[in-house]
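Remarks on the structure that follows.
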Amino acid sequence: MTLLLVIVILSAILSIGIGVFSSIYGQLIISGQAENSLRALYAADQGIEKMLYRSRVLENCGSDGSDCSVPLTLAQSGGCYATQVTKTDIEPDGFLDIVIKVTGSYRCDQTLARSVKRAFEITFPSP
């Protein structure tokens, strides 16, 4: 009888321990992904700022009205970003609509299954 009681108590303690471990392990995985997500977000933010500067000040990306793209560029956050700029003339007033899409990623190797990507897309008119 005592042996049966000990087995029941130990199995209850083991079940609680496995449940706590499972919860902690899941939280550790999520916290690691959050850090990677922020690095990808910072890379996308850096890329969008750079492309806005190039579009507004330097005017060297698609200055002739054509689309342009910039391949993977390393960012200071440890990630990288790729940009795509498209220009369309859909308004009758003669203004071009510029769409800048930047995709930032952390772990920039395209063959990795666990790379994290975040993107920004902005649209604004330009004369």
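Bear in mind these aren't lab numbers, they're just calculated from the coordinates by the rules spelled out. None of the values given here were measured: they were computed from a predicted structure. Please note: Cβ atoms are built from the backbone with ideal geometry, for glycine as well, and neighbour counts cover all protein chains shown.
Here's the picture: charge each Lys and Arg Cβ at +1 and each Asp and Glu Cβ at -1 in the chain, and of SER15, PRO125, VAL102 the one pushed furthest to the positive end of that dipole is SER15. For the range 2-126, the equivalent ellipsoid derived from the alpha-carbon gyration tensor has semi-axes of 52, 14, 10 Å in decreasing order. Here the residues SER55, SER37, SER126, ranked from fewest to most Cβ neighbours within 10 Å of their Cβ, fall in the order SER126, SER37, SER55.
The fewest-to-most ranking of LEU3, LEU96 by surrounding Cβ atoms within 10 Å reads LEU3, LEU96. Neighbours of GLY79, meaning other residues whose beta-carbon lies under 13 angstrom from its beta-carbon, give a summed charge of +1 when Lys and Arg score +1 and Asp and Glu score -1.
In the elastic network of the chain, a GNM with C-alpha springs shorter than 10 Å, the most mobile of VAL99, VAL116, VAL57 is VAL57.
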